[in-house]
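S.K.: The structure's right below; bear with me while I get my questions together.
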Amino acid sequence: MYNIKFILEICIVGIRVIKVKDMKKLKINIFRAIIICCLLALFVTIFSFSNQTSEVSGGLSRKITYEITKNIKHIQQLDEPEKENILSKIETFIRKLAHYTLYALVGFLMMLLMVTYNLKQIKRSGISFGVGLIYAISDEVHQSFVPGRGPMVQDVLLDSFGVISGIVLCMLIIAIISHIMKKLNKCKKIVEKSH
């Protein structure tokens, strides 16, 4: 306990000594570290889903499908073959939506990380897309070693579309925030001049 307290005191003293310029770099590095940790957690999550056998993965998808549809009377009142057909289609949609959503998050986080570097927008986008695509391909290759699973080109395409969507969403949010900040700074300057 004493060692942790001592280390924290040293860190606090060290942070107080840091110049303002260095403080900005420190904040950026902390932000980068947080994003990288989120990306690593997301990659581990994707890996763990892909590492499930087809039986386990199918069971999870079926459970989610059941929870979504259990209160929809129209589906629940169907005869078993028709109900099973609809549930199967919903399950496939949920699986594809999960692929898309996870990789959209990869694209969003990668672009958020790239924005912290002094790079041209095209390079930021390219690196973000490249990382997402490489992980999508490696994920499908990984599935070829899991019992009952196999690589699917359409999943790589869907994952890539998710990555692109995440990148675009991140760029849109940054553009909107940037626009709002410019407006606020403009208003602030007008108020300062009037005083």
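S.K.: Answer yes if at least one residue in region 121-140 is of a type in the set (Val, Ile, Thr) and under 15 Å from residue 96 (Cα atoms), and no otherwise.
M.R.: Of all residues in region 121-140, those of a type in the set (Val, Ile, Thr) come to 122, 127, 131, 134, 137.
Filter again for under 15 Å from residue 96 (Cα atoms), leaving none.
Within region 121-140, not a single residue is of a type in the set (Val, Ile, Thr) and under 15 Å from residue 96 (Cα atoms).
S.K.: Which residue pairs have Cβ atoms under 7 Å apart, sit 6 or more places apart or on different chains, and have a first residue in region 175-186 that is without any contact (Cβ under 8 Å) to a residue 40 or more places away in the chain and a second that is surrounded by 10 or more Cβ atoms within 10 Å (Cβ to Cβ) and of a type in the set (A, V, I, L, M, F, W, C)?
M.R.: Here the result reads none, with nothing in region 175-186 linked to a residue that is surrounded by 10 or more Cβ atoms within 10 Å (Cβ to Cβ) and of a type in the set (A, V, I, L, M, F, W, C).
S.K.: If you don't mind, there's one more thing I want to ask. Counting just the residues of region 146-164 that are closer than 30 Å to residue 55 by Cα and touching a Gly at 6+ places or on another chain (Cβ under 9 Å), which one comes out surrounded by the most Cβ atoms within 10 Å (Cβ to Cβ)? If you could, list the steps in order and put the result at the bottom.
M.R.: Filtering region 146-164 down to residues closer than 30 Å to residue 55 by Cα leaves 146-163.
Checking which are touching a Gly at 6+ places or on another chain (Cβ under 9 Å) leaves us with 148, 159-160, 162-163.
Values: 148: 12, 159: 25, 160: 18, 162: 25, 163: 28.
Checked region 146-164; the qualifying residue surrounded by the most Cβ atoms within 10 Å (Cβ to Cβ) is 163.
S.K.: Out of the residues in region 43-60 that are at pLDDT below 90 and part of a helix (DSSP H, G or I), which is surrounded by the fewest Cβ atoms within 10 Å (Cβ to Cβ)? Break it down stepwise before answering.
M.R.: Taking region 43-60 as the starting set, the residues that turn out to be at pLDDT below 90 are 52-60.
Now restrict to residues that are part of a helix (DSSP H, G or I): 54-60.
On the way: 54: 13, 55: 10, 56: 14, 57: 18, 58: 14, 59: 12, 60: 15.
Restricting to residues being at pLDDT below 90 and part of a helix (DSSP H, G or I), the top hit is 55.
S.K.: Could you count how many residues in region 91-145 are closer than 16 Å to residue 155 by Cα and either acidic (Asp, Glu) or in contact with a Gly (Cβ under 8 Å, 6 or more places away or on another chain) (or both)?
M.R.: Count: 16.
S.K.: From the list 10, 36, 4, pick out the single residue that is of a type in the set (A, V, I, L, M, F, W, C) and modelled with pLDDT of 90 or more. Reasoning before the result, please.
M.R.: Details: 10 fails: modelled with pLDDT of 90 or more; 4 fails: modelled with pLDDT of 90 or more.
Matching residue, one of 10, 36, 4: 36.
S.K.: Moving on to the next point. Tally time: how many residues in region 138-181 are more than 19 Å from residue 57 (Cα to Cα) and of a type outside the set (Gly, Ala, Ser)?
M.R.: Of all residues in region 138-181, those more than 19 Å from residue 57 (Cα to Cα) come to 157, 160-181.
Okay, now just the ones that are also of a type outside the set (Gly, Ala, Ser), so 157, 161, 163-164, 167-174, 176-177, 179-181.
Of the residues in that region, 17 qualify.
The values are calculated or read from the model by the stated rules, or taken from the named source; none is laboratory data. Just so you know, these numbers come straight off a predicted model, no measurement behind them. A quick note on method: Cβ atoms are made from the backbone with ideal geometry, for glycine too, and the neighbour counts reach across all protein chains shown.
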